[in-house]
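Reviewing the structure listed below.
The values are calculated or read from the model by the stated rules, or taken from the named source; none is laboratory data. Predicted model, so just to flag it, every value in this text is computed and none were measured. Note: ideal-geometry Cβ built from the backbone for every residue, glycine included; neighbour counts use all protein chains shown. To get the accessible areas, we keep the full protein, side chains included, count just its heavy atoms, and leave off ligands, DNA and RNA. Shrake-Rupley method; radii C 1.70, N 1.55, O 1.52, S 1.80 Å.
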Amino acid sequence: LGIGFVFEPRLSREETWNKRVEELSRFKHEHGHCNVREDDTSNPGLGKWVSYIRRSHRLAKQGKREKGKRLSDERIAQLKAIGFVFELKEEMEMKRYRDGVELLKEFLTTQGHCCVPTFYASNPFFGLCVEDMRKEYRKYAAGKDCSLGKDVLNELTSMGFLSEENLFGPASTQMNNAQHQQSGRETLQLQQQQQQQPHGQDQDQDEKHMIEMQQHQSEIECSHSIQ
């Protein structure tokens with residue numbers, strides 16, 4: 001004590017757990033994932049703790065871990081809530097979905113919809129990824145477990161993914177009705193523009209406006225019928 005040595009009380013298991021979860025949450029915020037390397041010197045001990053958690057969870061699933069030493073459902077849910085992936089295979093799958101979402105945003109911007117063909121000639125891997133996301137998103141809509149993470153689900157929902165299938169019932173119907181209302185407003189604007197044209201314009205100009213309105217309405221109806 002005379003040389004200034006400070007005794008720090010040993011943390012309880014609960015305190016150690018909370019400390020590691022907090023450290024892991026900060027790591028996820030900074031790096032976008034929870035895959036801490038065991039030799040990461042900026043987070044001493046965290047990488048080995050992550051490896052231990054994954055190994056323990058894998059053994060428990062294989063029935064090789066005593067019940068008293070398994071992670072509780074509450075702790076598993078706590079880790080999943082911050083984006084922790086227990087199997088690296090799942091992490092690779094999540095990366096594939098996240099990359100797919102970014103490509104889907106570009107597709108939506110250029111094509112105006114999310115109906116990517118399963119066998120998409122321009123990017124076959126992208127087409128297959130979207131098809132897998134469809135299957136998982138349908139599970140999510142049905143209240144079943146799916147492999148899509150919360151971030152991916154939020155991104156897909158914000159893009160109107162599979163809105164044409166009316167998966168969420170009345171809420172989706174309301175969204176479709178809103179789209180029809182928007183279409184109606186835009187058609188009305190075209191009509192008003194037509195009425196404001198000088199009376200001396202020829203018939204060709206009138207027909208041009210009518211064709212524009214018909215094409216616009218057809219595009220809206222087509223977007224709802226694509227599966």
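Per-structure values
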item: Qualifying residue in the range 95-107 (condition: under 23 Å from MET159 (Cα atoms), touching a residue at least 40 places away in the same chain (Cβ under 8 Å) and in contact with a Ser or Thr (Cβ under 7 Å, 6 or more places away or on another chain)); result: no
item: Filter result (of a type in the set (A, V, I, L, M, F, W, C) and in contact (Cβ under 8 Å) with a residue 40 or more places away in the chain) within the range 131-150; result: LEU148
item: Top-ranked residue in the range 64-113 [being hydroxyl-bearing (Ser, Thr, Tyr) and open to solvent by 90 Å² or more (accessible area, probe 1.4 Å); ranked as nearest to the chain's Cα centre (by Cα)]; result: THR109
item: Residues of the range 54-63 satisfying the condition of being touching a Phe, Trp or Tyr at 6+ places or on another chain (Cβ under 9 Å), open to solvent by 40 Å² or more (accessible area, probe 1.4 Å) and within 22 Å of ASN18 (Cα to Cα); result: ARG58
item: Filtered residues of the range 32-84 (kept if polar (S, T, N, Q) and part of a loop (DSSP other than H, G, I, E, B)); result: ASN35, THR41, SER42, ASN43, GLN62, SER72
item: Subset tally (residues that are open to solvent by 30 Å² or more (accessible area, probe 1.4 Å), assigned to a helix (DSSP H, G or I) and more than 12 Å from TYR97 (Cα to Cα)) for the range 114-161; result: 8
item: So THR187, is it in contact with a helix residue (DSSP H, G or I) (Cβ under 6 Å, 6 or more places away or on another chain) and at pLDDT below 90; result: yes
